[in-house]
Structures are given as C-alpha cells and as structure tokens.
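Bear in mind that the values in this text are calculations on the coordinates, not laboratory data. Not measured: the values here are computed from a predicted model. Reconstructed Cβ throughout: ideal geometry from the backbone, glycine too, with neighbour counts over all protein chains shown.
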Amino acid sequence: MAASRKLIDENAQMSCEREPGCRRFAVLVPKGANDRIFLYEICDSRAAFGTHLPSPHLATFNTTSADLVMNENVAKLHLIFKASTTDVKREDERWLVPASSK
C-alpha cells in the first residue's frame, strides 16, 4: 500500500502544480478499509479536466499503477452547492457520507 500511496500522492500533487484548472485533488481512504482509495478532483471546468487526461504525469501514473488497480469507477459530478470554512488539513479526520438519489 505504501508504494501505491506514493504514486497516488505524487500524481495528485503534480495535478495541482501543473494543471492551472485543478483546484483540489484529495486522496481519501475510508476508515477501516485501507485497501481502498478514493481520488476526488475538483477542476474549474470540463475543459480543465480535459487537460488532465492527456497529461504526462497521469500517463506515467496509469502505467506504473496498472497492476495496483483492481477496479476503477469514475463519476462526473456537478457542484450544486458549496459551503466551506477553511481548507481541510491532512491530519483532520473528516467523514465522507455518500448521498443517495432516487
């Protein structure tokens, strides 16, 4: 897991540094399920996310992490409400609760 986390963290950091439209790239691990990792990326626009897909650092990440990925699910979401007080610190414990829809 440590090797895969290093690759994921590097990809997230490079996305924020090298892609002007990347506003946030969070790496999340569910409490009690250390064998799963969720990547949560916020971009300015669909076009900004489009620059992420062909980026050299993502290509390198996809190649080097291919044996580590068992399942990949991508969800494209639209932000409909935003509330925030401060940026979340790495050591903060937060709960991510999935919303259900009917």
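Determine the sum of side-chain charges near D44: Lys and Arg each +1, Asp and Glu each -1, restricted to other residues whose C-beta is under 14 angstrom from that of D44.
Local net charge: +2.
Could I get the Rg over Rh figure for the range 1-93? Both from C-alpha atoms, Rh via Kirkwood, rounded to two places.
0.95
Ranked highest first by the average count of other Cβ atoms within 10 Å around their residues, in what order do 31-37, 75-81, 5-11 fall?
Sorting 31-37, 75-81, 5-11 by mean packing, highest first, produces 5-11, 31-37, 75-81.
Starting from the Cα-Cα distance between T60 and N34, subtract it from 0.36 nm times their residue separation and give me the gain in nm to one decimal.
Here the answer is 7.0 nm.
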